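The values are calculated or read from the model by the stated rules, or taken from the named source; none is laboratory data. Keep in mind that what you see is a predicted model, and the values were worked out from it rather than measured. Methodologically, a virtual Cβ is constructed for each residue, glycine included, from the backbone with ideal geometry; neighbour enumeration extends over all protein chains shown. The area values use the complete protein model at the heavy-atom level, side chains included, leaving out ligands, DNA and RNA. Shrake-Rupley method; radii C 1.70, N 1.55, O 1.52, S 1.80 Å.
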Amino acid sequence: MDVTKCGLGSFTPEFHSPSNVDGVRQDLFTKGIAFIEGCDEDSLVDVANQLGEINRPRNEKLQGSGVSHIRFAPNLTGKGYSSEELFFHTDRSGWQSPPGILMSTLKSRSETGGESLLADSHRILEIIKEEDEELYRLVTSAKHTSFYSDDGVFVPRAIFDTKEQIFRFRFDDNIQLSASMVSGFARLQEIIYKNAFVVCLQPGQGYILNNHRFLHGRASFSGSRELLRVLVTPHPPRREMVVLFDIDGTLCRSEDLSIDAYFSCVSAVVGKTITHANTPVSLHGRTDLSLLHAILDFHGVEDKEQVTARFFALHPGYLEESHAKGFPVIPCPGVKEVLGWLTEYQRDRCDPPLRVGLLTGNSRPNALLKIRAAGIDTSIFDLEISSFGDVHPDRQSLFQDSLKRLQTQYGRGVAAHDIVIVGDTPLDIECAKQTGCSVVAVATGSYKVDDLALLEPDFCCSLLTEAKDYLALKCA
């Protein structure tokens, strides 16, 4: 393959050590590919066993490590065992479900050539969908492509299976095309090349990719070259039960503190007196970012970007000053009891594990200040899966942020239906309905039980302690 056709050019990866499995897993889940260095056959197998079950090569039965040695060998069949170019492809594309992970490490480098060529199907599909509706129709229909299976027959399969989210591809005689696809195939190749990049691996370096997402290939080479390859079926997605708490009106009450600090800070940043009294903007359930923009819009303040940056830099200091003035932060009734119970439940529970975090309209420093001021131990909350209101303007975006963080840490098995939001406003209920998670609505804020119940949350209560049985059932 002509490396000069790769539109994204040469890429220098950030490599992980094989011992950094968490870093590998995070890149694999979020980017579709992770790069490793300092890797030999033993460490490659060790990482593979932590990610899933190794698919043994056809010439191995019960014996062997599951590692294929891809090298020039005249007695072996297949382009992989030649020095020829190896076109972009999905390994085991003819299987009903190809192995989910492909791992490779360069054992010895060729004299010339042998570069690795890689292309992300997510990027490719976005371009096809935007620029060529007919081609997108072709690649998502099993009527137009068939792949050669291990049974020796061609089986109709779509290049991109929208249900299973599998992108399968090859350029060789193991794929058959309909007449319609033949006319569009050159365009598809062009898009793949334009969105491919080149990596020049050194011995001990390699990549671990999502074989349902990334295409890989190899340039022709001269001299000896050997690559270690492992195909892996990932472990089944692990469930994680998650409870995400709102703060204001749910964990604690601090209205006077919040109003004093917020409007004092806005006034200082803008250079004019802005108060709660002269600003008819609802505070309930909003994120700090959306509230700030609403206030600035009402008062006709321009250059919101600069004002926003200054506000969030100064706001925590104003909150501390307001607290020092004597404005209180009071824990909501039953909160400490429920958090204590959840902590014990976390400690005793192993399947599925329980995570507790925050989904709050407050910025991170302000959230922690309020929780501490209420006498609540902040270590209860996993801040790495939490989302804060200085980043996003609405709760749905906060939720998606937390879901992405959860999937990065714990895998794609974490789904919206495994998450419970605990909040006190209609916006919390709306967020749950929009995102597909569950919601506990607690009337310890500014809304009454009857008002919240009308919106049909999954569970509605006047005190958080009433939700213990519901939470226990959800987490079972």
*Of everything in the stretch 378-436 that's over 28 Å from Leu292 (Cα atoms) and among the hydroxyl-bearing types (Ser, Thr, Tyr), which residue is surrounded by the most Cβ atoms within 10 Å (Cβ to Cβ)?*
Tyr410
*Take the residues of the stretch 236-262 that are touching a residue at least 40 places away in the same chain (Cβ under 8 Å) and among the acidic types (Asp, Glu): which is surrounded by the most Cβ atoms within 10 Å (Cβ to Cβ)?*
Asp248
*Which of the residues that make up the stretch 214-235 are open to solvent by 30 Å² or more (accessible area, probe 1.4 Å) and within 18 Å of Leu118 (Cβ to Cβ)?*
Ser220, Arg229
*Mind listing just one residue for me: the one in the stretch 32-56 that is in contact (Cβ under 8 Å) with a residue 60 or more places away in the chain and open to solvent by 20 Å² or more (accessible area, probe 1.4 Å) and, of those, nearest to Trp95 (Cα to Cα)?*
Asn55
*Identify, from the list Pro353, Pro365, the residue that is open to solvent by 40 Å² or more (accessible area, probe 1.4 Å), over 20 Å from Thr30 (Cα atoms) and not small (Gly, Ala, Ser).*
Pro365
*Going through the stretch 377-435 one residue at a time, which ones are among the acidic types (Asp, Glu) and either closer than 19 Å to Cys332 by Cβ or touching a strand residue (DSSP E or B) at 6+ places or on another chain (Cβ under 6 Å) (or both)?*
Asp377, Asp382, Asp401, Asp418, Asp424, Asp428
*asked:* Testing Asp172 on (1) surrounded by 13 or more Cβ atoms within 10 Å (Cβ to Cβ); (2) touching a Phe, Trp or Tyr at 6+ places or on another chain (Cβ under 8 Å), one condition comes back false. Which one is that?
replied: (1)
*Show the residue pairs that are 6+ apart or on different chains and have beta-carbon atoms under 6 Å apart, the first residue being within the stretch 398-417 and aromatic (Phe, Trp, Tyr), the second being in a helix (DSSP H, G or I).*
Phe399/Cys431; Phe399/Thr435
*Quick one: what pairs do we get from the stretch 432-447, first residue more than 12 Å from Val422 (Cα to Cα), second buried (at least 21 other Cβ atoms within 10 Å of the Cβ) and of a type in the set (A, V, I, L, M), C-beta under 9 Å, 6+ apart or different chains?*
Lys433/Val439; Thr435/Leu403; Thr435/Ile419; Thr435/Ile421; Gly436/Ile419; Tyr447/Ala441
*Report, ordered by the first and then the second residue, all pairs with beta carbons closer than 6 Å, sequence separation of six or more or different chains, a first member in the stretch 174-200 that is touching a residue at least 12 places away in the same chain (Cβ under 8 Å) and among the acidic types (Asp, Glu), and a second member that is part of a strand (DSSP E or B) and surrounded by 15 or more Cβ atoms within 10 Å (Cβ to Cβ).*
none
*Among the residues of the stretch 306-341, count how many are in contact (Cβ under 8 Å) with a residue 12 or more places away in the chain, of a type in the set (S, T, N, Q) and more than 15 Å from Ser254 (Cα to Cα).*
1
*What residue, of Val414, Val420, Val449, Val442, is closer than 30 Å to Gly52 by Cβ and at pLDDT 95 or above?*
Val420
*In the stretch 366-391, residue modelled with the lowest pLDDT [restricted to those that are closer than 18 Å to Val439 by Cβ and not hydrophobic (A, V, I, L, M, F, W, C)]*: Gly389
_Filter the stretch 279-291 down to the residues that are in contact with a helix residue (DSSP H, G or I) (Cβ under 6 Å, 6 or more places away or on another chain), over 15 Å from Arg395 (Cα atoms) and either at pLDDT 80 or above or not hydrophobic (A, V, I, L, M, F, W, C) (or both) and list them by number._
Thr279
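Yes/no matrix, rows are residues, columns are (1) more than 30 Å from Ala472 (Cβ to Cβ); (2) within 34 Å of the chain's Cα centre (by Cα); (3) at pLDDT 95 or above:
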residue: Gln205; (1), (2), (3): yes, yes, yes
residue: His212; (1), (2), (3): yes, yes, yes
residue: Arg218; (1), (2), (3): yes, yes, no
residue: Arg225; (1), (2), (3): yes, no, no
residue: Thr233; (1), (2), (3): yes, yes, no
residue: Val242; (1), (2), (3): no, yes, no
residue: Phe245; (1), (2), (3): no, yes, yes
residue: Cys252; (1), (2), (3): no, yes, yes
residue: Ala261; (1), (2), (3): yes, no, no
